[in-house]
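This report refers to the structure that appears directly beneath it.
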Amino acid sequence: MSTLDHPTGAPAPATTSAVTAPASGSVAQWTDRYAHAVMDTFGPPQRVLVRGEGAYVWDADGKRYLDLLAGIAVNALGHAHPTLTAAVSAQLGTLGHVSNFFGTPTQIALAERLLALAEAPEGSRVFFTNSGTEANEAAFKMARRNSDSGRTRVLALQGGFHGRSMGALALTSKAAYREPFEPLPGGVEFVAFDDVAALEEAFSPAAVAERGGVAALVVEPVQGEAGVRSLSPGYLVAARELTARHGALLVLDEVQTGVGRTGSWFAYQQPEVGGGIVPDVVTLAKGLGGGFPVGAVVAYGERAATLLGRGQHGTTFGGNPVAAAAALATLGVIERDGLLENVRTVGALLREGIAGAGNPLVEGVRGRGLLLAVQLTRPVAAEVARAALDAGFVVNAVAPDAIRLAPPLILTPDQARDVVAFFASVAVPEDPAAPTAAPTAPTTDPTTDPTTRSS
Ligand SMILES: Cc1ncc(COP(=O)(O)O)c(C=O)c1O
C-alpha cells in the first residue's frame, strides 16, 4: 500500500515517524549541518534544541535549560502544553485549512474573543495574519488609506521595531536594519522616543504645511527590541489627543507586549501605560498562538475597521483554522489558569529579586510583568548570555549592556528564584577577552552576534 492510499480512508502507514522525525545527532553535528543548509541570516544557532516541556527546553546533547526567552516572547504557555497541543491536533484532524473564500467557526470565534478582550466598540473588526511584521504591514496599508485631507506622513518612534518586511521595516528606525534595503516605502518620519514636545512639533501647523498631514502614529507601549524601554505615563494620552485632533490613526504595536506579557491582555489597558485611551489599531502576534504562528490586527470602531475594503488586502494563511484554534486555546488557558495574575506576581519577584541581589554587574531591572531587561553596569551582555546558557538558562542580550527576560507566562515562583540566584552570582571578568570569556564572542554588535541579535 502506498502512502497515497491514506486519504482514501486507510490507516496512516506505520512508517509515519520515519517520514517526519529527523535522525538523531549531537549539538555539534546539527550545528555543522545547519551551517550548510540554512541561510546565514541569523548566524550560527546558540544550541540546537530538540524538546520542550513547560518552561524547560533540552538540547540535542540532553542538556536542560530554563527558557527565559520563550522563543522571543512567544511561548506564552511554555512548551508542549497539553491543552494547546490537543486543540491544534484536533483542529488539524478536523479541518486544517480553507481559503479566505470561506469562514470557519474557530476563526470567527477568535475574532469575537479578541474584540471582547480589547473591549472594542461597536463596528470594530479583526484582520488575521501569520506574524507581527504582517500585522504591521496591514496597519501601514490602513494608514495609507487614511489619506483624506492630504494626510501623507506616518510617524514612528526612534528605537521602535516593527518587523522586517518592507513596510514594517520602513517603520523601524534602526539604520543597520533599514539601510541595506532602501528605498523603503516613503512618508515615514521618526520622532524622538517618549518626547511629547517632539510629537507636538510633528503635528504643528508648520510641520503639516511643510511636510503634509499625519495619517498615523505607530507606537510600541514598551519598546521590546530597543531594550525594554517604557513610555512615560501620559505619553499615550498625549498621543491619543493629538492623533484624534488631526484625524490620524493611533496604531499600537503590541506584537511583543500583547496577550498577557505585561500582566494585562494588552499593555495599553494598564492605566499607568495607556491612561484609559482607546487606540484605533492594535497589532498582535508572538504570544497569541502560544508558539503557533498567528498575528492579528484589531481595528477599533467602524472608521478604522473599514479602511481596507474588499480586495485591498489579503493573505492565504491568515485566519487559518489551526492557527485560530491555537490562539483560542492560548487565550483560554491564560484566563482559566489566572496567568495574568501569575505574570504580575512572578514578574515582581524577578524584578525585585534580581535588582536587590547586590551583584555589582547589575545596575537595575526595568520593564513590566514578564517583559524585563536587566541593565548591566558594563557592556558585557553577550558574555552574561553565554554564562547563562552554560548555567542552564536561555536569556537574550537585547543590547550590549542589557539582558532581556521574556519567559513563558507559566513561570513559577520557584523557577524565578533560580533565575534570581543566577543573576546574584554571575560574574564577567573586567577584560572580556580574558580566558573565561567564550572564544566565539568577538563582538557585541547586536546585528551580527548571535547571542545579542533580536528578531
Ligand atoms: C514590537 C514588534 N513588532 C513587530 C515585530 C515583528 O514580528 P514578527 O517577527 O512576528 O514578524 C516584533 C518582533 O520582534 C516586535 O517585537
*Out of all the residues in the range 154-170, is one or more modelled with pLDDT of 95 or more, in a helix (DSSP H, G or I), within 11 Å of the ligand (Cβ to nearest atom) and within 18 Å of residue 257 (Cβ to Cβ)?*
yes
*Matching residues, the range 206-241, being under 17 Å from residue 148 (Cα atoms) and within 16 Å of the ligand (Cβ to nearest atom)*: 216, 217
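Kindly establish whether residue 140 is in a strand (DSSP E or B) and of a type outside the set (Gly, Ala, Ser).
Criteria not met by residue 140.
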*Quick one: what pairs do we get from the range 130-156, first residue not assigned by TED's automatic domain parsing to the domain that holds residue 211, second within 9 Å of the ligand (Cβ to nearest atom), C-beta under 7 Å, 6+ apart or different chains?*
none
*Answer with yes or no whether residue 59 is out of contact with any Cys (no Cβ under 6 Å at 6 or more places or on another chain), modelled with pLDDT of 95 or more, assigned by TED's automatic domain parsing to the domain that holds residue 392 and surrounded by 14 or more Cβ atoms within 10 Å (Cβ to Cβ).*
yes
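Among 180, 271, which is the only one that is under 16 Å from residue 163 (Cβ atoms), away from the ligand (no atom under 16 Å from the Cβ) and surrounded by fewer than 22 Cβ atoms within 10 Å (Cβ to Cβ)?
Among 180, 271, only 180 is under 16 Å from residue 163 (Cβ atoms), away from the ligand (no atom under 16 Å from the Cβ) and surrounded by fewer than 22 Cβ atoms within 10 Å (Cβ to Cβ).
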*Out of 111, 120, report the one residue that is aliphatic (A, V, I, L, M), surrounded by fewer than 22 Cβ atoms within 10 Å (Cβ to Cβ) and within 20 Å of residue 219 (Cα to Cα).*
120
*Only one of these is hydrophobic (A, V, I, L, M, F, W, C) and surrounded by fewer than 19 Cβ atoms within 10 Å (Cβ to Cβ): 191, 237. Name it.*
237
*Does residue 170 fit the bill of being under 26 Å from residue 213 (Cβ atoms) and among the aliphatic types (A, V, I, L, M)?*
yes
_Looking at residue 301 and the list (1) crowded, with 24+ Cβ neighbours inside 10 Å; (2) away from the ligand (no atom under 13 Å from the Cβ), which single condition is not satisfied?_
(1)
*Among (1) within 20 Å of residue 243 (Cβ to Cβ); (2) in a helix (DSSP H, G or I), where does residue 120 come up short?*
(2)
_Please determine whether any residue of the range 38-50 is crowded, with 16+ Cβ neighbours inside 10 Å and assigned to a helix (DSSP H, G or I)._
no
*Would the range 402-415 turn up any residue that is crowded, with 20+ Cβ neighbours inside 10 Å and either at pLDDT below 95 or in a helix (DSSP H, G or I) (or both)?*
yes
_Hits in the range 171-196 - residues which are within 18 Å of residue 250 (Cβ to Cβ) and either in a helix (DSSP H, G or I) or out of contact with any Gly (no Cβ under 6 Å at 6 or more places or on another chain) (or both)_ = 171, 187, 188, 189, 190, 191, 192, 194, 195, 196
*Residues of the range 280-298 classified as under 23 Å from residue 244 (Cα atoms) and either within 10 Å of the ligand (Cβ to nearest atom) or among the charged types (D, E, K, R) (or both), total*: 3
*Looking at (1) surrounded by fewer than 20 Cβ atoms within 10 Å (Cβ to Cβ); (2) touching a residue at least 60 places away in the same chain (Cβ under 8 Å); (3) outside the structural domain of residue 286 (by TED's automatic domain parsing); (4) in a helix (DSSP H, G or I), find the lone condition where residue 332 falls short.*
(3)
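The values are calculated or read from the model by the stated rules, or taken from the named source; none is laboratory data. Given the structure is predicted, the values throughout are model-derived calculations rather than measurements. Quick reminder, even Gly has a Cβ in these numbers, built from the backbone with ideal geometry, and neighbours come from all protein chains shown.
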